[in-house]
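What follows is a single structure, written as structure tokens, with notes after it.
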Amino acid sequence: MTADVAVQSVRQTFNTFTALHRIDLEIAAGEFVVLLGPSGCGKTTLLSILGGFLTPTEGRVLIGGRDMTHVAPKDRPTTTMFQDYALFPHMSLRDNVAFGPRMRGSGRGDRNRRAEEMLALVGLADKAGRRPHELSGGQRQRVALARALAVDPDVLLLDEPLGALDLKLRRQMQEELKAIQRKVGTTFVHVTHDQEEAMAIADRIVVMNEGRIEDLGTPQKIYLEPRSLFSAGFMGEVNRIPVRPAGQGAESALGPLALTTDKPGTLCLRPENVGLKGSLALGPARLTDAAFFGTYHRCHFTPVAAPDMQIVAHLPLGDLPETGAEVALWGTNPMILEAA
Amino acid sequence: MRVLGWIYLALAYGFIFLPVGALVLFSFQDGRLPVPPFNGPTVKWYADVLGDRDLMAALVNSLMVAAASSAVALVLGFLAAQGLARVALPGSVVMRGLLIAPMTVSYLIIALGLLSAFNHIGLRPSLMAAGIGHVVINLPLCFAILFAAMGAHQQNAERAARDLGASELRVLWHVSAPMLRPALLAAFFLSFTFSWDEFIIAFLLTRFDVTLPVEIWSMLRSGLSPATNAIGSLVFLVSVALLVVLEFTVFRKVRK
Amino acid sequence: MSIEQAERRRASALVAPALLWTLAFFVLPFAGMVWLSLGHLEGREVVAGPGPENYVRIFTDPSFLKGIRVSLEITLVVTVISVVLAWPLAWIIAMRVPQRWQRLALMLAVLPFWTSYVVRSYSWALVLGANGVVMQALIGAGIIDEPVQIMATRTATVIGFVHFFVMLLTLTIYSNLVQLSPNYARAAADLGASGWQVIRLVILPLTLPGVMTGAFLTFVLCIGDYITPQILGGNNELTLPQLIMLQLGRRGDFPMASALSVVLMALVTLAYAASARWLKMDRV
């Protein structure tokens with residue numbers, strides 16, 4: 001089953017600290033949404049509000065069109081997959097996964113069948129009799145997923161579920177998570193601070209910072225057309241060059257640029273969008289150092305017009321000038337964002 | 001459900017504090033018996049016990065035995081923990097087990113064993129004998145606390161110090177001991193408290209000079225008296241003061 | 001000599017003093033006691049054994065058998081009552097008392113733990129006596145007409161013990177409870193468990209290691225204690241430690257006292273064997 005979620009004007013304060021400033025968010029049924037942001041940005045608070053572990057100071061939460069703001073976690077069509085998994089160590093995997101159906105009054109035969117079905121879904125059918133401590137980190141994560149899905153929730157809430165895993169395993173689990181989500185069709189709301197993870201699994205990313213939504217959209221949109229400087233910087237490395245309007249174009253520390261802007265702002269260029277060719281002339285610059293990164297050269301340039309500035313560029317293999325050489329730098333896909 | 005919880009809490013505190021409350025209250029009793037009705041208050045029983053030379057001598061004895069036995073237990077426990085944490089000696093599991101073993105044996109049995117052994121070699125019951133007994137019960141405690149507190153990062157620091165040319169003693173003194181300071185303090189104060197409070201070993205292994213619990217025990221034979229309440233309240237006060245000091249120094253640091 | 005050998009030699013030198021101390025003042029006296037328990041008393045002289053006379057007497061003489069039975073009964077009753085009373089107390093402090101007051105609440109709950117053991121038993125004698133506050137309050141409230149005899153009965157011993165061990169167990173169970181991730185309870189509630197089901201199916205089983213450790217400690221300390229039964233229980237029914245002290249005091253019968261101590265040790269070892277598999281239960 002699946003349902004849409006609407007967060008309406010939700011505000012959350014803890015004593016004098018405001019964790020969330022009037023958040024509005026619509027999530028479609030069956031969507032895989034990732035709440036992305038640095039620690040302390042309010043993403044986990046928002047997840048707790050969706051799960052019913054926190055009652056918002058103001059605002060409403062609707063799930064499947066019904067007001068759930070004051071409904072207890074167990075009566076919501078949501079389940080939460082906790083960061084530490086919270087698997088019950090004194091129960092077998094089967095009993096862990098069957099716990100939800102058991103609480104809903106399902107008989108032993110039914111709930112065990114359901115548990116085994118869910119364990120099969122996550123590829124652990126042969127380990128139903130084991131205890132959690134006999135498993136590896138990735139396997140525990142799967143059991144937690146199976147347990148949360150066993151009650152057939154409309155919305156699954158995942159609180160940094162891959163945070164404890166090492167990088168390689170994390171990438172593998174991301175793919176599995178995505179595949180399972182497609183299979184069951186449940187709405188997934190997933191919290192992480194890892195932007196690569198967010199891009200790998202999300203239908204839509206919600207970038208959060210200091211209790212506000214900074215940006216939201218598909219991974220592609222947020223990476224290529226971020227709405228704010230914060231969002232641009234959080235999604236990946238970016239060169240920032242302050243610009244202000246001057247006549248037909250814009251004025252910057254690099255000299256006049258062929259850009260149209262009506263307000264002072266910041267020109268943002270991703271390193272892969274800076275090079276020896278392009279549509280936007282950035283003027284002459286000197287290569288100060290370069291490093292080989294396998295698929296590209298990572299280069300630091302110092303503009304001749306602004307010796308204090310440094311521009312990072314990823315040049316394709318074979319394009320590398322001599323260190324110390326002066327070249328004409330070009331940019332593509334320029335983004336001009338207002339300072340926050 | 002919630003209200004029930006608070007009622008339970010209140011009843012539990014009532015039960016826990018009932019005897020101590022009565023003890024302290026009737027130490028101010030103006031009368032011969034520390035039972036209702038309460039007359040007073042008077043501090044004459046406190047003046048009595050503070051002027052009682054036997055009691056005060058016992059108090060000093062207790063402090064001496066506690067300080068000396070805790071210090072010995074701490075040093076022995078510290079050295080042993082250092083040795084066993086450092087390298088895997090053949091039989092180190094057995095050695096650890098042996099060092100911890102006295103913790104699982106009743107004090108009465110330890111006292112009895114020491115009493116017959118001391119009789120056998122002709123060592124008379126004395127404060128010294130009681131102190132030896134207290135080291136036996138506190139050594140496992142100190143060892144366990146310090147062994148648990150030693151980690152890999154401390155071993156690395158010790159290795160670094162040795163690498164930089166520090167002698168064995170200087171490593172212990174300048175690196176190991178300061179790094180373990182909270183655990184050392186905790187072990188010492190816990191040992192001190194246990195020794196200070198210990199009765200049966202002190203009872204069997206002392207004769208003419210006795211410790212405070214033994215002296216209080218002999219006061220009990222003459223029945224209930226506000227004087228016993230007064231000395232009991234004083235001991236309680238000292239323990240609580242010690243605990244508060246510990247809470248705000250050692251344990252706060254341990255928890256960081 | 002290799003570096004490893006030098007290292008080992010240094011480590012052995014550090015362990016040696018503590019080991020020697022333990023051997024000299026614990027292992028040897030204990031071995032001596034076991035040997036002594038195989039001897040017997042003739043007149044005022046100890047005759048070395050080995051012979052089983054003392055043990056035969058212990059397991060045939062009704063007064064000794066009764067001592068073992070009384071000790072076991074008191075200890076079991078005290079352990080069970082203490083666990084049953086302490087668990088809710090620890091749970092309320094850990095789960096219901098607001099975070100900032102928890103440390104204080106716990107310190108208060110175990111404060112009398114740190115008073116002198118002898119004084120604590122004495123203060124129960126003070127409270128439970130015929131003229132003590134409990135009886136006077138009950139008479140004042142019109143619940144009873146005249147004092148009920150509690151002092152010098154098993155009830156007084158049990159009350160005194162329970163008081164001490166409730167504090168001890170509250171400490172061990174509390175520290176077990178606060179180590180649990182709050183997500184266990186959240187996950188169970190999220191999956192539909194009621195408050196009572198969360199406690200019964202998740203929290204209680206998770207605290208079992210703490211409970212068993214505390215219960216074992218209670219058993220060991222309770223069965224070996226002389227002070228509480230002597231002050232509160234009086235001489236009407238004697239526990240094992242009281243019997244041991246009696247052998248020492250009245251007759252100077254060291255062999256018999258030693259044999260009774262060995263029996264006491266054996267009971268503790270049995271209790272350990274019974275609870276061992278719980279004491280090291282795996283936790284994740």
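The values are calculated or read from the model by the stated rules, or taken from the named source; none is laboratory data. Since this is a predicted model, take the numbers as computed values, not measurements. Cβ: placed from backbone, ideal geometry, glycine included. Neighbour counts: every protein chain shown. Just the protein is used for accessible areas: all its heavy atoms, side chains included, with ligands, DNA and RNA removed. Shrake-Rupley method; radii C 1.70, N 1.55, O 1.52, S 1.80 Å.
Using only Cα atoms, locate the centre of the range C:34-101 and the centre of the range A:196-255, then give the distance between them in Å, rounded to an integer. Result: 73 Å between the Cα centres.
Accessible area per residue (1.4 Å probe, heavy atoms of protein chains only) ranks A:THR186, A:THR295, B:THR249 as A:THR295, B:THR249, A:THR186, with the largest value leading.
Spin-label model, A:THR302/B:LEU242: points 7 Å from Cα along the beta carbon direction are separated by 6.8 nm. What does a probe at A:ALA29 reach in the range A:159-196, counting residues whose amide N is under 14 Å from the point 7 Å along Cα→Cβ? What the label zone holds, given the 14 Å backbone N cut-off, is A:185-188. Dipole magnitude for the range A:250-340: about 140 debye, using +1 per Lys or Arg Cβ and -1 per Asp or Glu Cβ, origin at the Cα centre.
Modelled spin labels at B:ARG32 and C:TRP101, positioned 7 Å past Cα toward Cβ, are 4.6 nm from each other. Taking the 1.4 Å solvent-accessible surface of the protein assembly as shown as the whole, the part contributed by carbon and sulfur is 60%. In order along the range C:227-232, the Karplus-derived 3J(HN,Hα) couplings, from 6.51 cos²θ - 1.76 cosθ + 1.60 at θ = phi - 60°, round to 5, 4, x, 5, 6, 9 Hz, and Gly and Pro are given as x.
Checking every one of the trypsin sites (Lys or Arg not before Pro) in the range B:109-212 against DSSP loop status and a limit of 15 other Cβ atoms within 10 Å picks out B:ARG207.
The mean sequence separation of alpha-carbon pairs under 8 Å and at least six residues apart, normalised by the residue count of chain B, gives a relative contact order of 32 percent. Name the long-range amide H neighbours of A:ARG11: under 5 Å, sequence gap of 5 or more, or other chain; modelled H, no Pro or chain starts. For A:ARG11, whose amide H was placed from the backbone, the distant partners under 5 Å are A:ARG22, A:ILE23, A:THR57, A:GLU58, A:GLY59. Between the C-alpha center of the range A:1-71 and that of the range A:78-93 there is a gap of 22 Å. May I ask for the net charge around B:VAL87, where only other residues with Cβ less than 11 Å from the Cβ of B:VAL87 are counted and Lys, Arg are +1 while Asp, Glu are -1? My count for the surroundings of B:VAL87 gives +2. The Cα atoms of the range C:63-279 give a gyration tensor whose axes a ≥ b ≥ c have a/c of 1.5 or more with a/b no greater than b/c, which makes the shape oblate.
Legend: residue pairs A:LYS221/A:LYS263; A:LYS221/A:LYS277; A:LYS74/A:LYS221; A:LYS43/A:LYS221; A:LYS43/A:LYS127; A:LYS74/A:LYS183, Cα-Cα distance threshold 26 Å; pairs beyond threshold, A:LYS74/A:LYS221; A:LYS43/A:LYS127.
Based on the Cβ-Cβ distance from A:LYS183 to C:VAL84, what FRET efficiency comes out when R0 is 51 Å, to the nearest 0.05? Result of the calculation: an efficiency of 0.60.
Loop-resident chymotrypsin sites (Phe, Trp or Tyr not before Pro) (DSSP state other than H, G, I, E or B) in the range A:171-269 with no more than 16 further Cβ atoms inside 10 Å of their Cβ are absent.
Pairing the Cα long axis of helix B:181-197 with the longest principal axis of chain B, what angle in degrees results, from 0 to 90 and rounded to the nearest 10? Approximately 40 degrees, to the nearest 10. Taking every protein chain into account, the accessible area of the protein assembly as shown amounts to 45 square angstrom per residue (probe 1.4 Å).
Rounded to the nearest 10 degrees, the inclination of helix A:108-121 to the longest alpha-carbon principal axis of chain A is 20 degrees. Think of each Lys and Arg Cβ as +1 and each Asp and Glu Cβ as -1; about the Cα centre, that makes the dipole of the protein assembly as shown roughly 1000 debye.
Say a site is exposed when it is one of the trypsin sites (Lys or Arg not before Pro), sits in a DSSP loop, and has at most 12 other Cβ atoms within 10 Å; what is then the longest site-free stretch of chain C? Maximal segment without exposed cleavage sites: C:45-279. Counted residue by residue at 0.36 nm each, then reduced by the alpha carbon distance between them, the extension gain from C:ASN131 to C:GLU4 reaches 38.7 nm. Can you classify the protein assembly as shown as rounded, prolate or oblate using the Cα gyration tensor, where a ≥ b ≥ c are the square roots of its eigenvalues, rounded means a/c under 1.5, and otherwise it's prolate if a/b beats b/c and oblate if not? Prolate, since a/c reaches 1.5 and a/b exceeds b/c.
Applying both filters, DSSP loop and at most 14 other Cβ atoms within 10 Å, to the trypsin sites (Lys or Arg not before Pro) of the range B:21-107 gives B:ARG32. The mean number of Cβ atoms from other chains found within 10 Å of a Cβ in peptide B:74-85 is 5, as a whole number. Simple rule: put +1 on each Lys or Arg Cβ and -1 on each Asp or Glu Cβ in chain A, find the dipole, and look at A:LEU87, A:GLN220, A:GLY283; the Cα lying farthest toward the positive end is A:LEU87. Ranking C:ILE231, C:GLY252, C:ALA274 by how far each Cα lies toward the positive end of the dipole of the range C:171-280 (charges on Cβ) leaves C:ALA274 at the top.
When the Cα positions of C:ASN54, A:ALA150, A:HIS21 are compared along the charge dipole of the protein assembly as shown, C:ASN54 comes out farthest toward the positive end, with charges on each C-beta of Lys, Arg, Asp and Glu.
Estimated purely from DSSP H runs of n ≥ 4, each contributing -39500 (n - 2.57), the mean residue ellipticity at 222 nm for the protein assembly as shown is -16500 deg cm²/dmol once divided by its residues. Using the Cβ-Cβ distance between B:ALA67 and B:LEU11 with R0 = 30 Å, the FRET efficiency computed as 1/(1 + (r/R0)^6) comes to roughly 0.15. Backbone geometry of the range C:24-37 corresponds, through the Karplus equation with coefficients 6.51, -1.76 and 1.60 at θ = phi - 60°, to 3J(HN,Hα) couplings of 5, 10, 10, 5, 4, x, 5, 4, x, 5, 4, 4, 4, 5 Hz, x marking Gly and Pro.
For chain A, modelled as a GNM whose springs connect Cα atoms under 10 angstrom apart, the maximal fluctuation among A:ASP308, A:ASP152, A:ASP67 occurs at A:ASP308. Put a plus charge on the Cβ of each Lys and Arg, a minus charge on the Cβ of each Asp and Glu, and nothing anywhere else: the dipole of the range C:1-94 about its Cα centre is then about 200 debye.
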